[in-house]
Every structure is written in C-alpha cells, then in structure tokens.
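These notes concern the structure reproduced below.
The values are calculated or read from the model by the stated rules, or taken from the named source; none is laboratory data. The model shown is predicted, which means the values in this text are computed figures rather than measured ones. Quick reminder, even Gly has a Cβ in these numbers, built from the backbone with ideal geometry, and neighbours come from all protein chains shown.
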Amino acid sequence: MNGELLSSELNEYVNSEFLSLVQKRGSAIIDICGKSSSHSAANAICDHMHDWWFGTSKSAVSMGVISNGNHYSVPEDLIFSMPVDIVQGEWKARSYQLNDFQKLKLEQSWTELLEERKIALDF
C-alpha cells in the first residue's frame with residue numbers, strides 16, 4: 001500500500017467516523033458506566049483539583065483556562081481547553097505544532113464558543 005493511499009484513507013476516517021466517535025464519547029461513556037453526566041463532571045472536577053494541588057509532572061493535562069491570546073491563536077479572554085503544565089498551583093500552556101486540519105478544528109471550536117458567549121451576553 002503506498003503512502004498516499006494510506007494517507008487518504010486515514011484522512012477520510014479522521015474526518016468522518018473518528019470525529020463522530022469523539023463528538024459522542026460523553027454519552028458512550030455514560031452508557032457503558034451506567035452513571036449520570038453529573039458523575040462524569042464531578043470526576044473531572046476532582047481530577048482538575050488534584051492536578052492543581054499536586055501539579056503535573058512530565059505530561060500535560062487538558063484544562064479549560066483563560067486564553068491570553070498567545071497559544072494556538074485562541075482569542076484573548078476566552079475560556080478554552082488547552083494542554084497545560086501545572087507547577088505549584090500555576091498553569092502554563094504547552095505549545096505544540098499543529099497541522100492545518102488541527103488548526104481548522106480549533107478555530108471552529110472557538111468560533112462556536114464566541115458565538116455562544118455573544119448569545120449569553122445579549123440576554
């Protein structure tokens with residue numbers, strides 16, 4: 001199998017089936033575990049507080065933080081999930097090189113959040 005065909009098949013999978021699985025992962029986990037969504041949220045809060053208190057060592061964690069506009073082109077003052085390292089209660093965003101597909105998906109996410117924020121503030 002040549003690299004172009006593999007790349008094309010992988011691209012098709014990522015843009016269809018994989019994205020659908022990721023978008024529906026929350027309900028799938030709830031169905032498997034038999035727990036409510038509030039249980040999942042409570043567990044995430046506990047994990048975040050653990051990381052904030054004890055810090056992260058070698059690997060970054062994903063955490064919703066207020067953007068300063070310096071990472072991944074996320075607009076300033078938008079709360080957005082980013083990979084962060086936490087040392088002594090202070091978080092620092094970790095920068096990774098992103099490909100065009102990843103940049104597009106991030107931009108779609110923060111555009112949606114900006115629209116939701118505008119709707120909420122208009123009330």
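Does D31 fit the bill of being surrounded by fewer than 12 Cβ atoms within 10 Å (Cβ to Cβ) and part of a loop (DSSP other than H, G, I, E, B)?
No, not satisfied.
Filtering segment 80-109 to residues that are touching a strand residue (DSSP E or B) at 6+ places or on another chain (Cβ under 9 Å), without any contact (Cβ under 8 Å) to a residue 24 or more places away in the chain and aliphatic (A, V, I, L, M) leaves only M82.
What residue, of A60, A28, A42, is within 25 Å of L106 (Cα to Cα), modelled with pLDDT of 75 or more and not β-branched (V, I, T)? Lay out the reasoning, then the answer.
Working: A28 fails: modelled with pLDDT of 75 or more; A42 fails: within 25 Å of L106 (Cα to Cα).
That would be A60, the only listed residue that is within 25 Å of L106 (Cα to Cα), modelled with pLDDT of 75 or more and not β-branched (V, I, T).
Residues in segment 57-67 that are assigned to a loop (DSSP other than H, G, I, E, B) and either of a type in the set (A, V, I, L, M, F, W, C) or free of Cβ contacts under 8 Å to residues at least 12 places away in the same chain (or both): S57, K58, S59, A60. In segment 69-91, of all residues being touching a Lys or Arg at 6+ places or on another chain (Cβ under 9 Å) and in a loop (DSSP other than H, G, I, E, B), the one that is farthest from E112 (Cα to Cα) corresponds to H71.
When only residues in segment 82-104 that are surrounded by 13 or more Cβ atoms within 10 Å (Cβ to Cβ) and within 14 Å of the chain's Cα centre (by Cα) count, which is nearest to E12 (Cα to Cα)? If we take residues in segment 82-104 being surrounded by 13 or more Cβ atoms within 10 Å (Cβ to Cβ) and within 14 Å of the chain's Cα centre (by Cα), then L98 is nearest to E12 (Cα to Cα).
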